[in-house]
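Read through the structure below, which is laid out as structure tokens, and then see the notes.
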Amino acid sequence: MDWTDSMIRHGYNLAREVNANIFMIFTETGRTYEVLKRCLESNSKSNDHHCTEDNGDKNPKLKIVVTTPNEITYNNLKNEKKIIPILMGYRNKYKSTMIKQAIMKLFEHNLIKKGDVIVAILGTPGVSRGTDTISLIEISNSNFLLKFYQFINSIDRIKRLVINEVLDIAMEISIEGKEGKPVGTIFVVGDSEKVLKMSDQLILNPFEGHNAVIFDKKVRGTIKELSSVDGAFVIGEKGEVIAAGRYLDPSGGNLKLPLGLGARHYAAAAISKHTNAIAITVSESGGIVRIFKNGEIIVEINPNKLDRENIVPCV
């Protein structure tokens, strides 16, 4: 049964009724957006269970966000008015992690803040015509989201763009691995001159002599291919990929890390403590992505975990 039209109408009206800041839908092919578009363009005289473009009286601040992991769909959505299209960096397995990824993207684009409310329409990833869930999320109720918000807002705009890109790659590696096998790796972003002085090359540097930047699709692919190589990736402040296969000096002094973390995490913590760099690790066991700053773990993200923390399904 295809109930997308009904879900969209009810979700949109819920967003208006609860005075939400964001009404967000997820789409692969763009079909769900077409349903929303027809809904918004409806000239129905009745307000009961119908979308109308005249939402000024009820909620003038409501933003409509359409997210997709499909680049072709995203390029089509960019030409649409009255919506904010968001390209997801990777495809999730679970609904709740889809929402978390999208909210992280909203933070990255400065579209939401602490205390905002989101109504999201989504379905089971990879299932055609599978829209079946309305979720209500209040940002101030999520410890994870608040930590990520505080972290993102603590760094300047250019470095934020680079960190966002590295995070996308790290989470892709976490979910996909390499040839189906789990992979662990480290990215060190910023203060690259000092980072290079505190590290040694384990292999011939594959990026030496190349003007590689993290935003280039081919470079992203190369990084994912090299992710199983021992050592860290060193990324500059503006996204330049300086080196791969760097051995980080793990002597970090007084590091306060949770028990059970290995040498990779201690090396990441140490380099972030003794430089102004931010380190991002992908754990080979479990795929957890951790962000280190000033020798401490700032945020932990598990892209593979079905975590329903503070994501409340209404339908």
Those residues of region 5-27 which are small (Gly, Ala, Ser) and part of a helix (DSSP H, G or I), in sequence order: Ser6, Gly11, Ala15
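Let me confirm something: among Tyr33, Tyr74, which residue is modelled with pLDDT of 80 or more, of a type outside the set (S, T, N, Q) and over 26 Å from Asn302 (Cα atoms)?
On the way: Tyr74 fails: over 26 Å from Asn302 (Cα atoms).
It is Tyr33.
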field: Counted residues, region 179-215 - those being without any contact (Cβ under 8 Å) to a residue 40 or more places away in the chain and either within 27 Å of Asn294 (Cβ to Cβ) or buried (at least 18 other Cβ atoms within 10 Å of the Cβ) (or both)
entry: 5
- prompt: Taking Asn164 and the conditions (1) assigned to a helix (DSSP H, G or I); (2) modelled with pLDDT under 90; (3) out of contact with any helix residue (DSSP H, G or I) (no Cβ under 6 Å at 6 or more places or on another chain), which numbered condition does it fall short on, given that it satisfies the others?
  reply: (3)
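The values are calculated or read from the model by the stated rules, or taken from the named source; none is laboratory data. Keep in mind that this is a model prediction, so the values were computed, not measured. In this analysis, Cβ positions are derived from the backbone assuming ideal geometry, glycine residues included, and neighbour counts consider all displayed protein chains.
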